[in-house]
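Enquirer: One structure, pasted below without further comment.
The values are calculated or read from the model by the stated rules, or taken from the named source; none is laboratory data. Given the structure is predicted, the values throughout are model-derived calculations rather than measurements. Backbone-built Cβ (ideal geometry, glycine too); neighbour counts: all protein chains shown.
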Ligand code: FAD
Ligand code: NAI
C-alpha cells in the first residue's frame, strides 16, 4: 500500500491542477486517471479539440468569403484529414505537457479506475483488473462530467453523435441536425456549417443559450441565422430513428401542435452534461449527492471527512477555468491556506463567430434583484480596429451600479471578445468602478478601445460613436 498526503481521482483540469499545486506545496500526491492520457474532457475531447476545429474552420470560411475583399486571391480546398490531424497534434502536445508537469512536480500518475474504499483509502483498478490500494490523508474527487442522454435519441457515435463524435467525423455532413442550442451545439454546429454542412438546430426553450444576457443571445442568434444556421425553438424532440446513412428526427412544438420530421446525415445531441460518479463508491464512503447527482460541497469539503470534490462533478458552471480555480483553492485549504474562488467573477466565452464573452450579472438578473444599474454600450461598428479588419459586428455592454458605479456585469459579442473579457475580470476582482476602466489609457487602434468606450458610456461620455 502506498501512502499519500492527497490522492486525486480524475486527471482533467480540476484533477491535474490540484495535483500540480499539491506537488508545488511539497505534498506526496497521486492522481488516478483511467483515460490513456491526462487532461480530462477539456484537453482530450472538449475545449482544445473544439477550439482547434473552430480556428481552422473559421480560416477556411474566411479564405472562401473574405480573402478576395482583402486583395488576396486563393482557391481554398478542404483537406479534412489534415484539419483533423492538426487538431489531434494539439491534443497530443497539450496532454503530454500535463504529463511533463506531473514529472516536474513529483506527481504520481496512477493509470486506472479509482474507487473510494472507505477509511481514507482509494482502490485503483488497472486495465488488467489488478487492484492497488492507496492510503491518503485527503482525497479529492475530480471525476468531471459526461454528455447527458435523451430518451428516444440513442447515441451510437456513427450517425447519432455527441460532442466527442462531432469532433472526429470522417466526412463533412451534407446535413446535420443539432439538438440543443447551447454552447456545444452552437460551437460544433458552426464548425460543420463552415465546412459545408446544412445545419439545423432544434431547441426545447424559446431562446438559445439559456442564462446568457438576452440581448447578447438574440444578437448571436441573428448572426448565426444570417450565416445559414436554421433554428427551431420551442421544439420537443420525441425520437431519432437510424437509417443506414441517415437519421430521422421527430419533434413537436413544446406549446402543442403537429410533429415534424427532419432527415439528416447526422444528429448531434448536445443538451447539457451530467456529473460522473457511477461506481465511485460515494454512498458507502458517506459522500452526499444532490437530486441530479452532483457531489454536494461546502468550500470543496464533501459530507465525508477528508474527502473533497471540485470541477464539473460539483454544482456551478461546467467550465475548465472554474475547475482549475477550485483545484488550487481546494488544495490550499487542505494545507491550511486561505484558498478562495470568487464565483461572481467566472467568465464565460462562446467561441462562435462572432464570439460571445461575459462575466458577472446579466441585465435580467439585475432587474430580478432590483439593483439600480446604468448601462454603457459601444458597437464595434464604431471601433477603428474592427472596422479596418472588416469585422465590425457586435458590441460591448457594461452594467454598473447606479449609485456606486461598481461594475456588476459585462457582456460582449464581437470579434475575439474572449481575449477582451480578462480585463474586466481583473477590474471586477478589484471591485473597480466603470470610471476606473474609462480613465485607463488603452492602446489605439485596438478592439480593447471598445471595452473602454463602453465603460465611458456608463458615465455618459463615450467619444468614438
Ligand atoms: P473532466 O475534464 O471531465 O475530467 C475528469 C477526468 O476524470 C476524466 O479524464 C475521466 O476519465 C476521469 N475519471 C472519471 N472517473 C474516474 C475514475 N473513477 N477513476 C479515474 N479517472 C476517472 N470549458 C471551458 O472552460 N472552455 C471551453 O472552451 C470548453 N469547451 C468544451 C468543449 C466541449 C466539446 C466539451 C464537452 C466541454 C468543454 N468545456 C469547456 C468544459 C470543460 O471541458 C469542463 O468544464 C472541464 O473539462 C471540467 O474539468 P474536470 O476536471 O472537472 O473534469
Ligand atoms: P448547455 O447547457 O450549454 O446547452 C444545452 C441546451 O440544450 C440548452 O439550450 C437547453 O435548453 C437545451 N436542451 C435541454 N434539453 C433539451 C431537449 N430535450 N431538447 C432540445 N433542447 C434541449 O449544454 P451543452 O451545449 O451540452 O454544453 C455542456 C457544458 O459544456 C456547458 O454547460 C458548458 O459549460 C460546457 N462547454 C463550454 C464551452 C465553452 O466554455 N466555450 C464549450 C462547450 C461546452
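Enquirer: Six or more apart or on different chains, Cβ atoms under 6 Å: show the pairs whose first residue is in region 165-194 and under 14 Å from residue 56 (Cβ atoms) and assigned to a loop (DSSP other than H, G, I, E, B) and whose second is at pLDDT 95 or above and away from ligand 2 (no atom under 15 Å from the Cβ).
Expert: Matching pairs, first to second residue: 172/195; 172/196; 172/197.
Enquirer: Six or more apart or on different chains, Cβ atoms under 8 Å: show the pairs whose first residue is in region 271-290 and free of Cβ contacts under 8 Å to residues at least 40 places away in the same chain and under 20 Å from residue 316 (Cα atoms) and whose second is within 16 Å of ligand 2 (Cβ to nearest atom) and not in a loop (DSSP other than H, G, I, E, B).
Expert: So the pair list comes out as 289/275.
Let's see how each residue does on (1) more than 30 Å from residue 351 (Cβ to Cβ); (2) modelled with pLDDT of 95 or more; (3) not assigned by TED's automatic domain parsing to the domain that holds residue 192:
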residue: 231; (1), (2), (3): no, yes, no
residue: 281; (1), (2), (3): yes, yes, yes
residue: 286; (1), (2), (3): yes, yes, yes
residue: 307; (1), (2), (3): yes, yes, yes
residue: 314; (1), (2), (3): no, yes, yes
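Enquirer: Oh, and also: Consider residue 332 carefully, then state whether it is in contact (Cβ under 8 Å) with a residue 60 or more places away in the chain, within 16 Å of ligand 1 (Cβ to nearest atom), under 30 Å from residue 283 (Cα atoms) and surrounded by fewer than 23 Cβ atoms within 10 Å (Cβ to Cβ). Reasoning before the result, please.
Expert: Values: in contact (Cβ under 8 Å) with a residue 60 or more places away in the chain: yes; within 16 Å of ligand 1 (Cβ to nearest atom): no; under 30 Å from residue 283 (Cα atoms): yes; surrounded by fewer than 23 Cβ atoms within 10 Å (Cβ to Cβ): yes.
Answer is no for this residue.
Enquirer: In addition: Could you go through region 17-32 and let me know if any residue there is within 21 Å of the chain's Cα centre (by Cα), farther than 30 Å from residue 389 by Cα, without any contact (Cβ under 8 Å) to a residue 60 or more places away in the chain and surrounded by 16 or more Cβ atoms within 10 Å (Cβ to Cβ).
Expert: No: zero hits.
Enquirer: Here are some conditions: (1) touching a helix residue (DSSP H, G or I) at 6+ places or on another chain (Cβ under 6 Å); (2) on the phi > 0 side of the Ramachandran plot. Residue 431 meets all but one. Which one does it not meet?
Expert: It is condition (1) that residue 431 fails.
Enquirer: Here's another thing I want to ask about it. Across region 49-98, what is the number of residues that are touching a residue at least 60 places away in the same chain (Cβ under 8 Å) and farther than 24 Å from residue 224 by Cβ?
Expert: Qualifying residue count, region 49-98: 1.
Enquirer: Can you confirm whether region 140-148 contains a residue that is surrounded by fewer than 24 Cβ atoms within 10 Å (Cβ to Cβ), in contact with a strand residue (DSSP E or B) (Cβ under 7 Å, 6 or more places away or on another chain) and over 12 Å from residue 270 (Cβ atoms)?
Expert: Yes, region 140-148 has at least one match.
Enquirer: Give the residues of region 47-66 that are closer than 30 Å to residue 125 by Cβ and either more than 6 Å from ligand 1 (Cβ to nearest atom) or surrounded by fewer than 17 Cβ atoms within 10 Å (Cβ to Cβ) (or both), sorted by residue number.
Expert: 48, 49
Enquirer: Examine region 323-341 for a residue that is assigned by TED's automatic domain parsing to the domain that holds residue 22 and under 14 Å from residue 275 (Cα atoms), and state whether such a residue exists.
Expert: The answer is yes, given that some residue of region 323-341 is assigned by TED's automatic domain parsing to the domain that holds residue 22 and under 14 Å from residue 275 (Cα atoms).
Enquirer: Right, another one. Which ones in region 205-251 are more than 20 Å from residue 161 (Cα to Cα), in a loop (DSSP other than H, G, I, E, B) and away from ligand 2 (no atom under 14 Å from the Cβ)?
Expert: Answer for region 205-251, where residues must be more than 20 Å from residue 161 (Cα to Cα), in a loop (DSSP other than H, G, I, E, B) and away from ligand 2 (no atom under 14 Å from the Cβ): 213, 228.
Enquirer: Right, another one. As an exercise: evaluate residue 106 against (1) within 26 Å of residue 322 (Cα to Cα); (2) touching a strand residue (DSSP E or B) at 6+ places or on another chain (Cβ under 7 Å) and give the number of the one condition it does not meet.
Expert: (2)
Enquirer: Among (1) at pLDDT 95 or above; (2) within 28 Å of residue 107 (Cα to Cα); (3) away from ligand 1 (no atom under 12 Å from the Cβ), there is one condition residue 44 misses while meeting the rest; what is its number?
Expert: The failed condition is (3).
Enquirer: Looking at (1) assigned to a strand (DSSP E or B); (2) more than 10 Å from ligand 1 (Cβ to nearest atom), find the lone condition where residue 115 falls short.
Expert: (2)
Enquirer: For residue 124, which of the numbered conditions (1) within 9 Å of ligand 1 (Cβ to nearest atom); (2) outside the structural domain of residue 20 (by TED's automatic domain parsing) fails to hold?
Expert: Every condition holds for residue 124 apart from (2).
Enquirer: While we're here: Which count do you get for residues in region 16-56 that are part of a helix (DSSP H, G or I), closer than 14 Å to residue 93 by Cα and more than 16 Å from ligand 2 (Cβ to nearest atom)?
Expert: 0
Enquirer: For region 170-179, indicate whether the set of residues that are at pLDDT 95 or above and within 10 Å of ligand 2 (Cβ to nearest atom) is non-empty. Walk me through how you get there before you give the answer.
Expert: Taking region 170-179 first, the residues at pLDDT 95 or above are 170-179.
The next check asks that each one be within 10 Å of ligand 2 (Cβ to nearest atom); those that pass are 178-179.
Within region 170-179, one or more residues are at pLDDT 95 or above and within 10 Å of ligand 2 (Cβ to nearest atom).
Enquirer: Filter region 252-285 for residues that are closer than 19 Å to residue 205 by Cβ and either in contact with a helix residue (DSSP H, G or I) (Cβ under 8 Å, 6 or more places away or on another chain) or outside any loop (DSSP other than H, G, I, E, B) (or both) and give the result.
Expert: Hits for region 252-285 are 252, 253, 260, 262, 267, 268, 269, 270, 273, 274.
Enquirer: Collect the residues in region 90-120 that are crowded, with 18+ Cβ neighbours inside 10 Å and under 23 Å from the mean Cα position of the chain (by Cα), keeping them in residue-number order.
Expert: Residues satisfying the conditions are 91, 94, 95, 98.
Enquirer: Out of the residues in region 257-279 meeting the condition of being touching a strand residue (DSSP E or B) at 6+ places or on another chain (Cβ under 6 Å) and over 30 Å from residue 172 (Cα atoms), tell me which one is surrounded by the fewest Cβ atoms within 10 Å (Cβ to Cβ).
Expert: Residue satisfying both the conditions and the ranking: 276.
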